[in-house]
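Data first, discussion second: the structure below is written as structure tokens.
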Amino acid sequence: MTPALAVQDLAIDFQSRRGQVRAIDGATLSAAPGEVLGIVGESGSGKSTLGMAIGHLLGAGARRVSGDIRVDGRSIFALDEAGLRALRADELGYVFQDPMGALDPTRRIGLQIKAALGGMATRMGIASVLKDVGLADADRVARSYPHELSGGMAQRVCIGIAVARRPKVVIADEPTAALDASIKSQILDLLVRRCRATGAVLILLSHDLYAIRKCSDRVAVMYAGRLVETGWTAAVFARPAHPYTVMLLQSAIGRERSGGRVEPIPGAPPVLTGRCQACAFAPRCRWTEQACTAVRPEARCVADRDVICHRAESVMGAAR
Amino acid sequence: MSTGIRMPFHGEALARAATMALAMLIALSILGLTTSFFGSPTALGGPPLSAPTQGYPLGTDQLGRSLLPRILAGIRVTIVLSSFAVMIAAMVGSLLGILAAYLRGIVDEIVARLADLMFSFPAILLAILISAILRPGTPSAISAIIIVTLPIMIRIVRAATLAVAGQDFVIQAQIAGAGIGRILALHLLPNVAGAIVVQAAYSISFGMIIESGISFLGLGVQPPGASLGSLLHDGRLYLSVAPWLVFAPGFVLAITILSVNLVGDGLRRTIDPVLE
Amino acid sequence: MTTPAVINLDNVTKRYFGGPPWRRRTVTAVDAIDVAIGEGETLALVGESGSGKTTIGRLCLGLLQPTAGRVLLEGHPFSAWRGKLRGRLAAVLQHPQSSLNPRLRIGTSVAEPLVVGGSRARDEVSRKVIEMLDAVGLAAGIERRYPHELSGGQRQRVAIARALITAPRLIVFDEAVSALDVSVQAQVLNLIKDLQQQVGFSAIFITHDLAAARYVGSTFAVLRGGAVVESGPAARLYEASSHPYTRGLQEASGLIDPAIVRV
């Protein structure tokens, strides 16, 4: 079966006045139709760049150095302007962190949904989009402007717009970061439900480990522009195979016992200017050995997941 | 975010060219002032209304004065007058704008309405009105430019300050107990200086247009002083017999205004590249 | 109360009035709150947006005046302290990117509370600045850099150094780690805990993140709609609360999820 989304050894550089920065350094992943894939990463990992790259939405300073992105088997880099517009309209959906920023402040909600549906929508069609995302008072919401809605309601609207054309892939970049704790889980559940109902793959980008753990079927951990560990969520969280995953889980507050102390990861993530010729995590890693600073590790299958690490077996064995 | 202006504008061919053109014009006019290489702007005695020849590279006017040194003097007057006026308007306007944005409340209301009032008059008409009320001359040209530039400065600086005044480091200064003077001088002004400089550049070019317009009508710089605009005023009667008297100053004026505008564009891109 | 509280909110209410005179709207941000913070104590103030937690922080810093009730420092109302309040209160705010004046060097920003407070001796001030930057774990020479050269975590440490420099009685941390990465949050929280043991200030830690609240707090208070719904020792948050609202927050953050292994 063709994966709904396939990223193959993608490398992307950014050119700026200060020089070149490698944001993505050989990322590979694939997502089967209907699954929820969580991508965990901190600032500088490249996860937002990856999310935008899928829709060919990166600005002028970005340059694809190598690799490919295929949506439903077709490469996005082979498309012309019209093809890209069709891709973004029909096959991709985006949900961003700030719902107010994602909606047009000068147009009523109903009109924005209508535009998302391709301009041929009926009032019933618009109302059903709103009802599907839990906004029962559809007529009133359709008549409102974005600033008249709460953050949670606005995000529901954004979710409705994202799945309106039944896209193949929905990319959600920190969709609940700006929302209150009590509605975070509601909104996430809604997002997952709507994606499953429309058969879309949900790529969930987040630094919220608990949210990823709850919602995603599989998880990919991103560090320094590469997906260092990919596998089934429960398994990865229970027995991580990559040192960064181990140390990330241990450095997160929330899992400690009362009175316990959490040790952060020493050092800081690297800023790459080109292809990393060894392991990018080696300077901060507890398991570093000779090969880690000399040889660039490649993805390999260890137990039930894909890891980019020379010492994955030892790491898996050691972790609780 | 830059910590200063880097000259010459990196990768900005047009702004670079404009800066060099402007520098050249200023250098020539300074030379015209300090040496007599180009001739004297006030010496009478040459053949009146003669076309460009040896000794009179740009011809002469109706009183036999060589045009070239007069144009060089004119460049000086045009630039200096406008810059001086804009500098005053910038100082007053920035102070009012910053105070309005920081103090809000009634101070903001008064300043904003004042600026709106001044802003509602078409600039050139207002300038002509002022020059006609005051005695025609350099001071009235300067006053006109100041009054026209003030509301724009107030608005721009007020808007820029609003963006800065709510930031955490200003709140921190308040928590530390800093007085309003310190907050204005150390925290607000340096962070809106970029906007002030960019607007000043544009205002100088607009000021030159205003001054030239007023002087062309005879209400601005008076003889024997000469600005590029007043040279146009002087030469307009002889357009059919000595067209160089109008075209030469006019051309130099256009280049000067254009250069200042392009320098302003370059400054804006360097200082505030976000809007690209 | 055996030891006198450092900060006291005595029946404090804060209301905002808005709208035109014929249609006045009143928003009650804080409703008759009584809070006391003792010596060396960290009160974790937990709440969602609109709960009033930020308003309480501002009241404790003297940036806002209460509509009713009094705010007391060491038993005396703020109004009685007048100018001498400065230097005894400090804050670390949420946004690392706007907490430092981009035009000033780090050293100048950190020195500001001292300079404003009247310290003139240049050498003395420099010495203290370097001492503070060292105490928060930043490398020597950073006082000459500019904010844009630093990461978010480093900027928050600078903010902490600035907050400490006048040896304040109370530091208000308002969402101080919310904008930081997961692995950096623990760094900054550990720093706050360690410094408090060494230096001995009292703190209010305002957050929407329960995990951070229970990690760094000695006591906690959950706010909702301007009122306290539950309070007590912070360690209590490691167990499921009996109060439904608190429990709801715990569950939403996964803090009492049995499936997660506690390390």
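All of the numbers you see were taken from the coordinates with simple rules; none came from a lab. What you see is a predicted model; the values in this text were computed from it and never measured. Positions of Cβ are backbone-derived with ideal geometry, glycine not excepted, and every protein chain shown enters the neighbour counts.
Taking one equal scatterer on every alpha-carbon of region A:259-316, how large is log10 of I(q)/I(0) by Debye at q = 0.18 1/Å? These q points yield log10 I(q)/I(0) values of -0.72. Among B:ALA18, B:ALA163, B:ALA226, the residue with the largest mean-square fluctuation in a Gaussian network model of chain B, with springs joining Cα atoms closer than 10 Å, is B:ALA163. Could you list log10 I(q)/I(0) for the protein assembly as shown at q = 0.09, 0.10 Å⁻¹, which the Debye formula gives when each Cα is one point scatterer? Per q value, in the given order, log10 I(q)/I(0) is -1.07, -1.22. Compute the semi-axes of the equivalent ellipsoid of chain C, taking the square root of 5 times each eigenvalue of the Cα gyration tensor, and list them largest first in whole Å. Equivalent ellipsoid semi-axes, largest first: 30, 25, 18 Å. When only Cα pairs below 8 angstrom with a gap of at least 6 residues are kept, region A:252-320 shows a relative contact order of 20 percent. Using just the C-alpha positions of region A:86-215 as equal point scatterers, what log10 of I(q)/I(0) does the Debye formula give at each q in 0.10, 0.14, 0.15, 0.21 1/Å? These q points yield log10 I(q)/I(0) values of -0.27, -0.55, -0.63, -1.28. Summarising the label geometry, the points placed 7 Å from Cα in the beta-carbon direction at C:ARG247 and A:THR293 lie 5.4 nm from one another.
Backbone amide hydrogens, once placed in the peptide plane, bring C:ALA203 within less than 5 Å of C:GLU41, C:THR42, C:LEU43, C:ILE171, excluding anything fewer than 5 places away on its chain. For region B:136-211, the convex hull drawn through the C-alpha positions has a volume of 86 cubic angstrom per residue. Cα centroid distance between region C:198-263 and region B:198-236, in Å? A separation of 70 Å, based on Cα centres. Where the centroid of each part is defined by its Cα atoms, how far is region C:163-184 from region C:35-61 in Å? Between the Cα centre of region C:163-184 and that of region C:35-61, the gap is 13 Å. Where only DSSP H runs of four or more residues are counted, chain C gives -9500 deg cm²/dmol as its mean residue ellipticity at 222 nm, each run worth -39500 (n - 2.57). Based on the Cβ-Cβ distance from C:GLN65 to B:LEU103, what FRET efficiency comes out when R0 is 22 Å, to the nearest 0.05? Plugging the Cβ-Cβ distance into 1/(1 + (r/R0)^6) gives 0.80. Both radii were evaluated on the Cα set of region A:216-274; the Rg over Rh quotient, with Rh as the Kirkwood radius, amounts to 1.02. Annotation: the antiparallel percentage among DSSP beta bridges lying fully within the protein assembly as shown is about 60. Taking amide H as placed 1.01 Å from N in the peptide plane, the amide H of C:VAL92 sits under 5 Å from that of C:VAL172, C:PHE173, C:ASP174, each at least 5 places away or on another chain.
Placing +1 on the Cβ of every Lys and Arg and -1 on the Cβ of every Asp and Glu, with no other charges, gives region C:137-250 a dipole of roughly 160 debye about its Cα centre. Take each residue of peptide C:177-189, count the partner chain Cβ atoms within 10 Å of its Cβ, and average: the result is 6.
Neighbouring Cβ atoms from other chains, within 10 Å of the Cβ of residues in C:205-212, number 2 on average.
Tell me the chymotrypsin sites (Phe, Trp or Tyr not before Pro) within region B:9-108 that lie in a loop according to DSSP and have at most 13 other beta-carbon atoms within 10 Å.
B:PHE37
Think of the protein assembly as shown as a dipole: +1 on every Lys or Arg Cβ, -1 on every Asp or Glu Cβ, centred on the Cα centre; then among A:ALA6, C:PRO20, B:GLY45, B:GLY45 lies furthest on the positive end. Inter-part distance, region A:168-247 to region A:248-271, computed on C-alpha centroids, equals 19 Å.
Residues whose amide H falls under 5 Å from that of A:VAL201, counting only those 5 or more places apart or on a different chain, are A:GLY34, A:VAL169, A:VAL170, with hydrogens built in the peptide plane.
Structural descriptor for chain B: relative contact order 25 percent, calculated from alpha carbon pairs under 8 angstrom and at least 6 residues apart. Computed from backbone phi, the HN-Hα couplings of region B:179-193 come to x, 5, x, 5, 4, 4, 6, 9, 10, 8, 4, x, 8, 10, 4 Hz, rounded to whole numbers (Karplus: 6.51 cos²θ - 1.76 cosθ + 1.60, θ = phi - 60°; Gly and Pro given as x). For the residues of C:91-100, the average number of beta carbons from a partner chain within 10 Å of their own beta carbon is 4.
Among the GluC sites (Glu not before Pro) in region A:201-295, those placed in a DSSP loop whose Cβ has at most 14 other Cβ atoms within 10 Å are A:GLU289. Assuming charge only on the beta carbon of Lys and Arg (+1) and of Asp and Glu (-1), the dipole of region B:77-271 about its Cα centre is about 80 debye to the nearest 20.
Can you bin region B:5-147 into rounded, prolate or oblate? Criterion: square roots of the alpha carbon gyration tensor eigenvalues sorted a ≥ b ≥ c, rounded for a/c under 1.5, prolate for a/b above b/c, oblate for the rest.
The shape class here is oblate.
Per DSSP helix of 4 or more residues, -39500 (n - 2.57); summed, then divided by the residues of chain B. What does that give at 222 nm, rounded to the nearest 500?
-23500 deg cm²/dmol
Considering only B:GLY229, B:GLY181, B:GLY45, the mean-square fluctuation computed in a Gaussian network model of chain B, springs between alpha carbons under 10 angstrom, is largest for B:GLY181. Starting from the Kirkwood Rh over alpha-carbon pairs, what translational D in µm² s⁻¹ does region B:77-271 have by Stokes-Einstein at 10 °C and 1.306 mPa s? Taking Rh from Cα pairs, D becomes 88 µm²/s. Remark: B:ILE88, C:ILE171 ranked as B:ILE88, C:ILE171, counting other beta-carbon atoms within 10 Å and listing the fewest first. Between B:VAL148, B:VAL107, B:VAL246, the GNM of chain B built on Cα springs shorter than 10 angstrom shows B:VAL107 fluctuating the most. Only lysines eight or more places from A:LYS131 in sequence, or on another chain, were considered; those with a Cα closer than 23 Å are A:LYS114, A:LYS168, A:LYS184. The DSSP beta bridges internal to chain C are antiparallel in roughly 50% of cases.
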